[in-house]
Amino acid sequence: MDRPQDPAARRPMTREERARTRRRLEQIAQVMDSAFTVPGTEYRFGLDFLIGLVPGIGDAITTGIGAYLVWEARRLGAPKTLLIRMAGNVAIDGVVGSVPLIGDLFDAGFKANRRNLRLLTDWLDRTFGPDTVDLVMADGGRDGKVRRYVDPASRHGHR
């Protein structure tokens, strides 16, 4: 017998729900891939690199966090092709990251969470337009600076 489906699971997300989810994913990507700076350089790394140093379980934990971003993308309604690309980034990060030492260095440079966030935000912007609330963009560009994005339509109640 089929179980009844949660009605909330079928209803589309509101702009505010999408914005909250996007902010949460941006924060996760920031912490996991670029929360820290190597002193004296502009090179950034995150908890993905540090947790990945723990033998065995570290890469499983970071792969799980990467998979969470893919799950949230699915919840946002991302197409299967995008989900496959995102899952591929997580798989590459997980498999190569599990190789001792070389994998840890790869983790520091590959930044699967930021790659996936970029893919997802590009799709969200093309599909729904830019967010209609203030967002702190964790992606921040190559220089690692955090930028604030405000959609002008949100200030005037449009959309």
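The values are calculated or read from the model by the stated rules, or taken from the named source; none is laboratory data. Everything numeric in this text was worked out from a predicted model, so none of it was measured. Here the Cβ positions follow ideal geometry from the backbone for every residue, glycine too, while neighbour counts run over all protein chains shown.
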Q) Which of the residues spanning the stretch 35-55 are outside any loop (DSSP other than H, G, I, E, B) and either among the aliphatic types (A, V, I, L, M) or closer than 15 Å to Asp104 by Cα (or both)? A) Arg44, Phe45, Leu47, Asp48, Phe49, Leu50, Ile51, Gly52
Q. Restricting to helices (runs of 4 or more DSSP H) lying wholly in the stretch 57-124: which have 3 or more residues that are out of contact with any strand residue (DSSP E or B) (no Cβ under 7 Å at 6 or more places or on another chain) and under 17 Å from Glu26 (Cα atoms)?
A. 57-75, 80-97
Q. For the stretch 10-64, what are the residues that are buried (at least 20 other Cβ atoms within 10 Å of the Cβ), of a type in the set (A, V, I, L, M) and touching a Lys or Arg at 6+ places or on another chain (Cβ under 9 Å)?
A. Ala29, Met32
Q) Residues in the stretch 67-77: is at least one surrounded by 13 or more Cβ atoms within 10 Å (Cβ to Cβ), in contact with a helix residue (DSSP H, G or I) (Cβ under 7 Å, 6 or more places away or on another chain) and modelled with pLDDT under 95? A) yes
